[in-house]
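What follows is one structure encoded as structure tokens, with my remarks underneath.
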Amino acid sequence: MIRNMTAKKDESKNLMMSNPITEGVIWKQLLIFFFPIVVGTLFQQLYNTADAIIVGRFIGKEALASVGGSSAVLTYQVVMIFTGLSSGATVVISQFFGSGNSEKLHKALHTAYAFSVIVSLILAFLGWFVTPWILEAMKTQAELMNDSILYLRIYFLGIISTLIYNMGSGIMRAIGDSKRPLYYLIVCCVLNIVLDIVLVVVFQMGISGAALATVLSQTVSACLVTRSLMCSYDSIKLRMRDIKLDFSILKAELKIGLPGGMLSCMYGLTNIIIQTAVNGLGTDTTAAWAAFGKMDLIFWAVSGAFGTAVTTFSGQNYGAGKLERVYRSVRVSLGMSLSMCGGILIILMAFAKPLFGMFTSDENVISIGVYILLRITPSYIIYVFVEIFTGALRGIGDVLIPMLITTGGVIGVRLPWILIMTPIHKDITTIIISYPLAWAATALFLIPYYLYRKKRMNRDKMTSIPGRD
């Protein structure tokens, strides 16, 4: 008995030893952690971008609009809602890892995997049957409907691979490993492009070939991530026989994850409404909006990677009781994100026309796309503040108030603007304006709340930290 207790204590100490996130130089460790995430995110997004480029160039602008229009919005929102829900698992795991609680770390890992499997089965069933209804509700053009339905149904049949990869890679990053998910994504992205060329160009399978290429590639990435969690770490081991729900752990994960999932639902609702409004402006505008949605992914990848990094740094240092490192990681992340994201936006604006030329040779589509990019991208810098402060608060387990603030920006500003102003001024500029308005309103309340939360934590002297019992 005493030997077992000693072994558990030694295991907990091993979790805490040589942890660069809680011990190392913050800016250096942030960059080491950040770069694999951002490159991995870019490769992950390259799945759909490769589909869009190949179908746009080899099938036509209607196919580009089918893959990158309503279909892309729906698939992205499904993944984002799940990512919001799964963020609770990654935060809890990072806190247990930072505090050295190996027993709860084991339970949290297997609960997260069980949750992913259950959600994926539900989504596969719903996605197959409700896809036509949703596309019709979004006013998808008649000439795009059949291809969009086909693409989405194939995608939903393989959704388990997407969710397993996202959950597994999130867990790996939560314990400080952002490199392996990157390596696996590079392999799978190359595989996706090869399969796109073979199935779409060589075998001329059209939209179904592009969808199959994406699903098969994501299946490989899910298998690689799962194998890593089973074999590659001493502090955490995935065992198939242990995959089951621990309801006390699930409750803790959902307490943090549900607000994120609800927020993603709000974003999803507005994005669907926006896509519906875009669809009403014609196929050329829909195709241009779809291509733009692929190009600005580099900004979202960098911004999101810093948000993920600061969440992990905040979570582990909060779990270890190191408040000052939490605050410093926020400041450093904000400075680096503003610098990098600002540079990306300048490059996008400078090379707008040739970038759109990658997706289509249609001059009208290119012209509309350039107009969209030049008018919306400068406002993206506002979102950097939202991403960093939301990520930092999520890391310490504070998700409800940030969710309400962000929801206020989406539901209180963007949605009314779209519903009221778009019918009056039926042009793309009206849609574009809704983005900076919502981000500015969110930042106006979120930044003061973060400062208030910081003062409160200092006052309370960290009397209670989740995961340290």
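The values are calculated or read from the model by the stated rules, or taken from the named source; none is laboratory data. Just so you know, these numbers come straight off a predicted model, no measurement behind them. When we count neighbours, we look across all protein chains shown, and the Cβ atoms used for this are built from the backbone with ideal geometry, even at glycine. Heavy atoms of the whole protein, side chains included, go into the accessibility calculation; ligands, DNA and RNA do not. Shrake-Rupley method; radii C 1.70, N 1.55, O 1.52, S 1.80 Å.
Rounded to two decimals, the Cα radius of gyration of the range 292-336 over 2.2 N^0.38 Å is 1.38.
Using 20 Å as the Cα-Cα cut-off, could you pick out the over-long pairs in 179/255; 104/237; 139/426; 107/244; 322/455? Before the final figure, lay out the partial values.
Details: 179/255 29 Å; 104/237 12 Å; 139/426 15 Å; 107/244 9 Å; 322/455 15 Å.
Among 179/255; 104/237; 139/426; 107/244; 322/455, the Cα-Cα distance tops 20 Å for 179/255.
Entry note, the chain: relative contact order of 24 percent, from Cα contacts under 8 Å with a spacing of 6+ residues.
Cβ neighbours within 10 Å, averaged per peptide: list 239-248, 308-317, 351-360 in order, most packed at the top. It would help to have the intermediate numbers written out before the result.
Details: 239-248: 12.2, 308-317: 28.8, 351-360: 18.0.
Descending mean neighbour count gives 308-317, 351-360, 239-248.
Along the axis of the charge dipole computed for the chain (Cβ charges of +1 for Lys and Arg, -1 for Asp and Glu, origin at the Cα centre), the listed residues 355, 281, 140 are led at the positive end by 355. Converting the Cα gyration tensor eigenvalues of the range 135-238 into ellipsoid dimensions via √(5λ) gives semi-axes, longest first, of 32, 16, 9 Å.
In what sequence, highest mean first, do 377-387, 151-161 appear when ranked by Cβ atoms within 10 angstrom? Please report the intermediate quantities before stating the final value.
On the way: 377-387: 19.7, 151-161: 21.5.
For the peptides 377-387, 151-161, the packing ranking is 151-161, 377-387.
Sorted into 5 angstrom bins from 0, the C-alpha pair distances of the range 149-305 split as 2, 7, 10, 15, 20, 18, 13, 8, 4, 2, 0, 0 percent.
Under conditions of 20 °C and 1.002 mPa s, the range 227-286 yields 138 µm² s⁻¹ as its translational diffusion coefficient, taking Rh as the Kirkwood radius over Cα pairs in the Stokes-Einstein equation.
For the chain, what % of the accessible area comes from carbon and sulfur atoms, probe 1.4 Å? Working shown, then result.
Numbers: 13090 of 19590 Å².
For the chain, the apolar C and S fraction of the accessible surface comes to 67 percent.
Once the range 51-131 is represented by equal point scatterers at the alpha-carbon sites, with solvent omitted, what log10 I(q)/I(0) does the Debye formula produce at q = 0.13, 0.15, 0.25, 0.26 Å⁻¹? Per q value, in the given order, log10 I(q)/I(0) is -0.60, -0.70, -1.10, -1.13.
Grab the DSSP H runs of the chain that are 4 residues or longer, score each as -39,500 (n - 2.57), total them, divide by all residues and round the 222 nm result to the nearest 500 deg cm²/dmol.
-28500 deg cm²/dmol
For the chain, the solvent-accessible area works out to 42 Å² per residue, with a probe of 1.4 Å and every protein chain left in place. Neighbours of residue 230, meaning other residues whose beta-carbon lies under 9 angstrom from its beta-carbon, give a summed charge of +3 when Lys and Arg score +1 and Asp and Glu score -1. Rg over Rh for the range 34-183 works out to 1.05, both radii taken from alpha-carbon positions and Rh defined as the Kirkwood radius. Against the compact-protein benchmark of 2.2 N^0.38 Å, the Cα-based radius of gyration of the range 405-456 scales to 1.39. Got a sec? Charge dipole of the chain, +1 on Cβ for Lys and Arg, -1 for Asp and Glu; which of 341, 323, 117 is way out at the positive end? In the chain, that residue is 323.
Size of the range 89-133: Rg and Dmax of its alpha carbons, in Å, are 15.4, 48.
Mean shadow of the chain, computed from the convex hull of its alpha carbons, in nm²? Could the numbers behind the result be given before it?
On the way: hull surface 84.8 nm².
The orientation-averaged projected area of the Cα hull of the chain comes to 21.2 nm².
Express in % the proportion of alpha carbon pairs of the range 271-317 at distances exceeding 15 Å.
Details: 654 of 1081 pairs.
Summing the P(r) tail past 15 Å for the range 271-317 gives 60 percent.
Counting only the Cα atoms, the range 326-451 fills a convex hull of 111 Å³ per residue.
Kirkwood radius, the range 264-357, all distinct C-alpha pairs, inverse of mean reciprocal distance: 15.9 Å.
Using +1 on the beta carbon of Lys and Arg, -1 on that of Asp and Glu, and nothing else charged, what's the dipole of the chain about the Cα centre, debye to 20? Mind showing how you got there, number by number?
Working: 38 positive and 25 negative charges, 373 e Å.
It works out to roughly 1800 debye.
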